[in-house]
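As structure tokens, the structure follows; a few thoughts come after it.
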Amino acid sequence: MANTGVIRGTHHLTFCVGGAQEDYDFHVRLLALKSVKKTVLFDGEIPIYHLYYGNDLGDASTLLTAFPYRQAGWMGKRGTNQAKQLNLSVPPDAIAYWSDRLGGAGVDVQGIELFGTERLFFRHPCGIPYALVADPGPDERAPVEGGDVPGEYAIRGAHGTTTSVREVGEMDFFITTGMQGELVASEGRNHQYRIGTEGGYGRILELVEEPDLPQGTWHFGEGTIHHHAFDVASEENQQVVKDWIVGLGFTDVSDRKDRGYFLSCYCRSPGGLLVELAYSTPEGFLIDEAADELGTHMCIPPHWEHRRAEIAQLEPIDTVETVVS
Ligand SMILES: [Fe+2]
């Protein structure tokens, strides 16, 4: 048997938003996630915040990470051949609570049912589609404690993503052969796949066929999802997964990049979704902050330290927690 390596599930979901304050308020004050790390985007020439939200410890699969691009003026365009929607798991009886909470905050919400699960559809202020999915499966992920959303209703973390595709064929091959996933069900233009292992979360990849939409942008830009990172757990396994995908002919998997808290390779999938294969370092988010201080510092990576003055020009964020710069 071929050694395909193991993808556990989601590691994190990353997207480009508008203003940093708007994004912080949406994720922390409305969705009641914790701001677990404030740092900067490691790539590129201009300083951009990298804001991480998740559960109290920022466990893999609970992480949503945002690049606020409005200050830089970089706009994205949503379309097909692009990641379309972030799907987050909530307990099965939490939909009514969230419908009231989001609706009460002036957010347009729409209840739908897809693949046998109740879902609440809404949008980030920058336009990115979100869905809360009433996930009936067992979910041992610890929710944020002490927030103003009761733990019984709190968001557990990633359920997965939906990618808009022109057609299913080549993406089906990438998911089922490259990522060792399986097709679970199809409903009209919607197709659901499960990847990963029993110990992982955020294992659901969905495709929606939208062949008539224009191409969505792949560069960093406000209003678009940038990538879906999957948890490959270790350096050795990351290499095995990469070798398997490269061996199928997807030779454009990137070199391993040090992201400070995890190490990552990136690969553009045929459906347009940028796939990241990541494993956390042993220290993870504790490499630059103590567990009880997560999110309370502006964490500057060593290679940006000499540009601290430029980073200080980023828009200030009014936060729930006290942040030391
Ligand atoms: Fe990432």
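The values are calculated or read from the model by the stated rules, or taken from the named source; none is laboratory data. Note that this is a predicted model, so its numbers are computed, not measured. With ideal geometry, Cβ positions are generated from the backbone for all residues, glycine too; neighbour counts draw on all protein chains shown.
Could you go through the range 302-315 and let me know if any residue there is within 21 Å of the chain's Cα centre (by Cα), more than 14 Å from the ligand (Cβ to nearest atom) and either among the small types (Gly, Ala, Ser) or buried (at least 18 other Cβ atoms within 10 Å of the Cβ) (or both).
Among the residues of the range 302-315, not one is within 21 Å of the chain's Cα centre (by Cα), more than 14 Å from the ligand (Cβ to nearest atom) and either among the small types (Gly, Ala, Ser) or buried (at least 18 other Cβ atoms within 10 Å of the Cβ) (or both), which makes the answer no.
Does the range 317-325 contain any residue that is within 13 Å of Gly260 (Cβ to Cβ), of a type outside the set (Asp, Glu), in contact (Cβ under 8 Å) with a residue 40 or more places away in the chain and touching a strand residue (DSSP E or B) at 6+ places or on another chain (Cβ under 8 Å)?
First pass over the range 317-325, keeping only residues within 13 Å of Gly260 (Cβ to Cβ): none.
No, the conditions are met nowhere in the range 317-325.
Sort out which residues of the range 103-155 are more than 24 Å from Asp56 (Cβ to Cβ) and of a type in the set (D, E, K, R), and write them in order of number.
Asp108, Glu113, Glu118, Arg119, Arg123 - these are the residues of the range 103-155 that are more than 24 Å from Asp56 (Cβ to Cβ) and of a type in the set (D, E, K, R).
Take the residues in the range 265-278 that are within 16 Å of the ligand (Cβ to nearest atom) and assigned to a loop (DSSP other than H, G, I, E, B); name whichever of them is farthest from Ala83 (Cα to Cα). Can you show your working first?
Looking only at the range 265-278, we keep the residues that are within 16 Å of the ligand (Cβ to nearest atom), and these are 265-269, 273-278.
Add one more test, that the residue is assigned to a loop (DSSP other than H, G, I, E, B), and what stays is 269, 273.
Values: Ser269: 10, Leu273: 5 Å.
The qualifying residue farthest from Ala83 (Cα to Cα) is Ser269.
Give Thr296, Thr319, Thr281 a once-over and let me know the one that is closer than 23 Å to Asp43 by Cβ, among the β-branched types (Val, Ile, Thr) and either within 15 Å of the ligand (Cβ to nearest atom) or over 19 Å from the mean Cα position of the chain (by Cα) (or both).
On the way: Thr296 fails: closer than 23 Å to Asp43 by Cβ; Thr319 fails: closer than 23 Å to Asp43 by Cβ.
Within the list Thr296, Thr319, Thr281, the selection yields Thr281.
Looking at the range 246-264, is at least one residue surrounded by 18 or more Cβ atoms within 10 Å (Cβ to Cβ) and away from the ligand (no atom under 16 Å from the Cβ)?
No, that holds for no residue.
Which of the residues belonging to the range 96-138 are assigned to a loop (DSSP other than H, G, I, E, B) and within 18 Å of the chain's Cα centre (by Cα)?
Filtering the range 96-138 down to residues assigned to a loop (DSSP other than H, G, I, E, B) leaves 105-109, 115-116, 124-128, 135-138.
Hits for the range 96-138 are His124, Pro125, Cys126, Gly127, Ile128, Asp135.
Can you report the number of residues in the range 207-233 which are away from the ligand (no atom under 16 Å from the Cβ), in a strand (DSSP E or B) and buried (at least 22 other Cβ atoms within 10 Å of the Cβ)?
Matching residues across the range 207-233 total 2.
Can you tell me how many residues in the range 182-204 are in contact (Cβ under 8 Å) with a residue 60 or more places away in the chain and surrounded by 18 or more Cβ atoms within 10 Å (Cβ to Cβ)?
Within the range 182-204, the first condition is being in contact (Cβ under 8 Å) with a residue 60 or more places away in the chain, and the residues that meet it are 184-185, 187, 190, 192, 195-197, 199-204.
Of the ones still in play, those that are also surrounded by 18 or more Cβ atoms within 10 Å (Cβ to Cβ) are 192, 195-196, 200-204.
The number of residues fulfilling the criteria is 8.
Does Asp43 qualify as being at pLDDT 95 or above and not small (Gly, Ala, Ser)? Show your work before the answer.
Numbers: at pLDDT 95 or above: no; not small (Gly, Ala, Ser): yes.
Against the criterion (at pLDDT 95 or above and not small (Gly, Ala, Ser)), Asp43 does not qualify.
Mind listing whichever residues of the range 234-245 are surrounded by fewer than 21 Cβ atoms within 10 Å (Cβ to Cβ) and either within 16 Å of the ligand (Cβ to nearest atom) or in a helix (DSSP H, G or I) (or both)?
In the first step, residues of the range 234-245 are kept if they are surrounded by fewer than 21 Cβ atoms within 10 Å (Cβ to Cβ); the result is 234-237, 239-240, 242-244.
Hits for the range 234-245 are Glu235, Glu236, Asn237, Gln239, Val240, Lys242, Asp243, Trp244.
How about the range 137-157: which of its residues are closer than 28 Å to Gly5 by Cα and either surrounded by fewer than 21 Cβ atoms within 10 Å (Cβ to Cβ) or touching a Leu at 6+ places or on another chain (Cβ under 6 Å) (or both)?
Step one: list which residues in the range 137-157 are closer than 28 Å to Gly5 by Cα, which gives 137-142, 156-157.
Correct list: Gly137, Pro138, Asp139, Glu140, Arg141, Ala142.
Residues checked against (1) under 27 Å from Gln238 (Cβ atoms); (2) touching a strand residue (DSSP E or B) at 6+ places or on another chain (Cβ under 6 Å); (3) surrounded by fewer than 24 Cβ atoms within 10 Å (Cβ to Cβ):
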position	(1), (2), (3)
Leu13	yes, yes, no
Val28	no, yes, yes
Gly44	yes, no, yes
Gly58	yes, yes, no
Arg70	no, yes, yes
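Looking at this structure, is Gly272 among the small types (Gly, Ala, Ser), within 20 Å of Arg194 (Cα to Cα) and crowded, with 19+ Cβ neighbours inside 10 Å?
Taking the combined requirement at face value, the residue satisfies it.
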